[in-house]
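Take this structure first; my questions come after.
Bear in mind these aren't lab numbers, they're just calculated from the coordinates by the rules spelled out. Since the model is a prediction, treat every value here as computed from it, not as a measurement. As a convention, Cβ positions derive from the backbone with ideal geometry for all residues, glycine included, and neighbour counts pool all protein chains shown.
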Amino acid sequence: MKVFKAKRKEDMIAHIREGFTDAEVYITLRPCIDIVVELLENGPNLATIYCPPSLYKLTSDRVRHALEKVGISLEPMGGGAGRPRVYSENDVVEIRKLQKLGHSITRISKELGIPRRTIYYLLRDEDLGTRQP
């Protein structure tokens, strides 16, 4: 897999113009029409374009449909940015269970070794339905 890294679109396009033969490429910028055109013109074996999930979501429908028409797949790849989660869904379930038994947040905090503020945060996220895997 060929990896194209750049901070500016112009730099990435210059790198792509050097040519490549890989069937799969990973790009670190949003797959805009200019970058996609360069990939198609300079990669004769191109079958799949990967990009970070956050940029995949920002890709226009126009670009996605154009790629579908020529048989190239666009896929998100890699983990999300930011700090990884320390507490799992099992921790939240345990907190809820202890809460239903009538334990205070302070007691739950001491029993599970989780800071009180974190317990409030985990419960708030779960209540709002914003907790992500």
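Which of the peptides 91-100, 23-32 is most tightly packed, and how do the rest follow, going by the mean number of other Cβ atoms within 10 Å of each residue?
Details: 91-100: 14.8, 23-32: 17.8.
The peptides rank, most packed first, as 23-32, 91-100.
Calculate the length of the line joining the C-alpha centroid of the stretch 12-35 to that of the stretch 78-119, in whole Å.
43 Å
Run a plain Debye calculation on the stretch 2-76 (Cα atoms as equal point scatterers, no solvent) and give log10 I(q)/I(0) at q = 0.18, 0.19 Å⁻¹, rounded to two decimals, same order as the q list.
Evaluating at q = 0.18, 0.19 Å⁻¹ gives log10 I(q)/I(0) of -0.61, -0.68.
Relative to the Cα centre, what is the charge dipole magnitude of the stretch 89-128, using +1 at the beta carbon of each Lys and Arg, -1 at the beta carbon of each Asp and Glu, and rounding to the nearest 20 debye?
So the dipole magnitude of the stretch 89-128 works out to roughly 260 debye.
Next up: What do you get for the angle between helix 116-128 and the principal long axis of the chain? Use alpha-carbon atoms, 0 to 90 degrees, nearest ten.
With both axes taken from Cα atoms, the answer is about 60 degrees.
Once Rh is set to the Kirkwood radius over Cα pairs, what Stokes-Einstein translational diffusion coefficient, in µm²/s, holds for the chain at a temperature of 25 °C and a viscosity of 0.890 mPa s? Walk me through the intermediate numbers first.
Details: Rh = 17.9 Å.
In µm²/s, the coefficient rounds to 137.
Have a look at A66, T21, N90 and report the one farthest towards the positive end of the charge dipole of the stretch 15-91, computed about the Cα centre with Cβ charges (Lys/Arg +1, Asp/Glu -1).
N90
By how many degrees, between 0 and 90 and to the nearest 10, does the Cα long axis of helix 89-100 differ from the longest principal axis of the chain?
The helix 89-100 is inclined about 30 degrees to the chain.
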